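Enquirer: Mind looking over this structure? Questions follow.
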Amino acid sequence: MCAKRVLSVKNLSVFIRKTSTMSDLLEIFQKSVESVQPASLLEKQISVTKSHLVVNTTKHKFGKRCHVIGFGKAVKDMALKMESILGERMQRAVVTVPVGIFREGKPSTRIEFIEGAENNLPDENSMGGALKIKELAQTLTMDDLLIVLVSGGGSALLPLPVPPITLQEKHELIKQLARKGATINELNSVRKRMSILKGGGLAELAFPCKVVSLILSDVIGDPLDFIASGPMVPNKDSPQLATDILKKYELYDGVCDSIRNVLCEVQMSSGNIPMKQGLYAHVENYIIGNNKMAASAASVAAVSRGYQSMVVSTCIEGNANCIAISYAKLAAVLAKRLTGERDCDILEKYLEEFESQYITTEGLREGIFKLEDKICLIFAGEPTVVVTGTGKGGRNQQLALNFAIEIFKLHIPRNVKVSFLSCGTDGIDGPTDAAGAISPNNMDTNWVKFAQDCLDNNDAYRFFQSWDGGDNLVKIGHTGTNVMDIHVLVVEKK
Ligand SMILES: Nc1ncnc2c1ncn2[C@@H]1O[C@H](COP(=O)(O)OP(=O)(O)OP(=O)(O)O)[C@@H](O)[C@H]1O
Ligand SMILES: O=C(O)[C@H](O)CO
């Protein structure tokens, strides 16, 4: 993506009014989003020869026919780039994408794009697309090569329930599970057991055709069997797992007969019996982009803007409010250090505490002790918010606002400035038009009270609209990519 798309002309005037640290934060985020644009990732990693598709350095024979399928929030640009790389070699392409993705106009293409899954929820349209993908996969032979493009949001864009489960029944159960705070791994373990194509189903249908799948990861640690519910990877979950998850969230007793029967059958058949003992020798999966790339691009951008920077963790998950407290404590310890308090024990103790809560970059402690001027720490991952209020917001806005309140409580030395940005790389935070927000950093007690009231009602968007003319909301629109969230923490002397 070009810089103009992230900070469009419309947003540029707002951008110029921002303080220099704010514009640094925005540019650092912009660089991280640019680094994981699907089209440029493919451009760098994919090439073709007369007879082969080359992924990095690995060659895959085209065979007689080459087809493309795809599903996910970020596969539109992947598919268009693939079409331009393959040219006439591409026989047929069927790709499911979110509704409204072509708002700015549909390019001329031979790809059959199917728009569905409004608000990231499976619907008849995405099921129609899944059916076409299934039919295409079933016709393939050993003479074919199938290229599969996968990104986050793929689960909702490839729904095909195991009969007699209906789409509505499956969708209702997943919605309830999500509302109860189930993790993405738990949701997808349940989805895999109720779906024909997930949990390796698509790979099995495509056999004996050779399959190359190119995946943009939106799950921490890039687990192939969970991204978009792993349609190209054997389901290694225990046969009991989906049932146990439903029991854990007290949903099993209420499930409809069709779901209960399908889950019972899974248990009796000891789960899937994947072909070739789950080896799937006909499939090669490649992660073409992830949040590590985005985090490291952010850190490089920070360095080029004069900060001392490091990536602290790319595995940030858990309750957004707890994460805000951890970040604020870390900022406070670093702030003290900048003012000359060389109390290594406090920093060491706090880092130990932080490391025990989150999976951190190796060498964090040694690295952080070397930072002592204009510090910019990068974090990546996907916190969760259990929504109990009636307000409007998203996990990034919730985190940024909570961080500001915690910083207020901690009394940062006057000559140190702490700034923080939390944004989703897909450009959309919850059901709002913002990617996230930059924390306000000089609230008085009245503003803090208002902030706390908003936070308690999951109404962070309202706070940010009121604060400083809404300047702290980061509005960039859909970015065309999705590798979870990026958090940027700056601690510097004024
Ligand atoms: N009012 C709110 N305040 C805070 N968080 C909210 C609010 N409403 C929804 N959320 C959070 O937003 C999340 C959904 O947001 P979003 O659509 O950005 O994430 P997603 O569907 O997981 O997408 P992706 O993983 O592809 O980025 C929910 O997990 C929920 O916790
Ligand atoms: O589609 C999904 O399952 C999630 O976005 C995780 O990849």
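Enquirer: Which pairs have Cβ atoms under 8 Å, sit 6 or more apart or on different chains, and link a residue in segment 145-162 that is over 17 Å from Val483 (Cα atoms) to one that is of a type in the set (Phe, Trp, Tyr) and surrounded by fewer than 24 Cβ atoms within 10 Å (Cβ to Cβ)?
Expert: Correct list of pairs: Leu145/Phe62.
Enquirer: Among the residues of segment 150-161, are any closer than 28 Å to Pro38 by Cα, at pLDDT below 95 and either more than 12 Å from ligand 2 (Cβ to nearest atom) or surrounded by fewer than 24 Cβ atoms within 10 Å (Cβ to Cβ) (or both)?
Expert: The answer is yes, given that some residue of segment 150-161 is closer than 28 Å to Pro38 by Cα, at pLDDT below 95 and either more than 12 Å from ligand 2 (Cβ to nearest atom) or surrounded by fewer than 24 Cβ atoms within 10 Å (Cβ to Cβ) (or both).
Enquirer: Turning to a different aspect of this structure: With the requirement that a residue be assigned to a helix (DSSP H, G or I), of a type outside the set (S, T, N, Q) and either more than 19 Å from the chain's Cα centre (by Cα) or within 12 Å of ligand 2 (Cβ to nearest atom) (or both), what does segment 178-198 give you?
Expert: Across segment 178-198, the qualifying residues are Ala178, Ile184, Glu186, Leu187, Val190, Arg191, Lys192, Arg193, Met194.
Enquirer: Would you mind stating whether Ser296 is in contact (Cβ under 8 Å) with a residue 12 or more places away in the chain and either surrounded by fewer than 15 Cβ atoms within 10 Å (Cβ to Cβ) or among the small types (Gly, Ala, Ser) (or both)?
Expert: The answer is yes for Ser296.
Enquirer: Let me ask something else about it. Can you tell me which residue within segment 228-252, out of those that are assigned to a loop (DSSP other than H, G, I, E, B) and among the charged types (D, E, K, R), is farthest from Phe71 (Cα to Cα)?
Expert: By that ranking, first place goes to Glu250.
Enquirer: Filter segment 332-372 down to the residues that are within 29 Å of the chain's Cα centre (by Cα) and among the hydroxyl-bearing types (Ser, Thr, Tyr), then identify the one that is most open to solvent (accessible area, probe 1.4 Å).
Expert: Of everything passing the filter in segment 332-372, Ser356 is most open to solvent (accessible area, probe 1.4 Å).
Enquirer: Mind listing whichever residues of segment 216-236 are among the aliphatic types (A, V, I, L, M), under 13 Å from the mean Cα position of the chain (by Cα) and open to solvent by less than 10 Å² (accessible area, probe 1.4 Å)?
Expert: Within segment 216-236, Leu216, Val219, Ile227, Ala228 meet the criteria.
Enquirer: For segment 138-149, how many residues meet the condition of being more than 15 Å from ligand 2 (Cβ to nearest atom) and under 27 Å from the mean Cα position of the chain (by Cα)?
Expert: Going through segment 138-149 one residue at a time, the tally reaches 2.
Enquirer: Does Lys329 fit the bill of being more than 10 Å from ligand 1 (Cβ to nearest atom) and surrounded by 14 or more Cβ atoms within 10 Å (Cβ to Cβ)?
Expert: Answer is yes for this residue.
Enquirer: Go through (1) under 24 Å from Val303 (Cα atoms); (2) open to solvent by 10 Å² or more (accessible area, probe 1.4 Å); (3) among the polar types (S, T, N, Q) and name the single condition Thr390 misses.
Expert: Evaluating Thr390 over (1) under 24 Å from Val303 (Cα atoms); (2) open to solvent by 10 Å² or more (accessible area, probe 1.4 Å); (3) among the polar types (S, T, N, Q) leaves (1) as the failure.
Enquirer: Of the residues in segment 62-120, how many are under 22 Å from the mean Cα position of the chain (by Cα), part of a loop (DSSP other than H, G, I, E, B) and of a type in the set (Val, Ile, Thr)?
Expert: 2
Enquirer: Kindly provide the set of residues from segment 444-458 that are surrounded by 19 or more Cβ atoms within 10 Å (Cβ to Cβ) and assigned to a loop (DSSP other than H, G, I, E, B), ordered by number.
Expert: Passing the criteria: only Asn458.
The values are calculated or read from the model by the stated rules, or taken from the named source; none is laboratory data. This one's a predicted model, so the numbers in the text were calculated from it and none came from an experiment. Ideal geometry is used to build each Cβ from the backbone, glycine not excepted, and the neighbour counts take in all protein chains shown. Ligands, DNA and RNA are stripped out before the accessible areas are found, and what is left, the full protein with its side chains, is counted by its heavy atoms. Shrake-Rupley method; radii C 1.70, N 1.55, O 1.52, S 1.80 Å.
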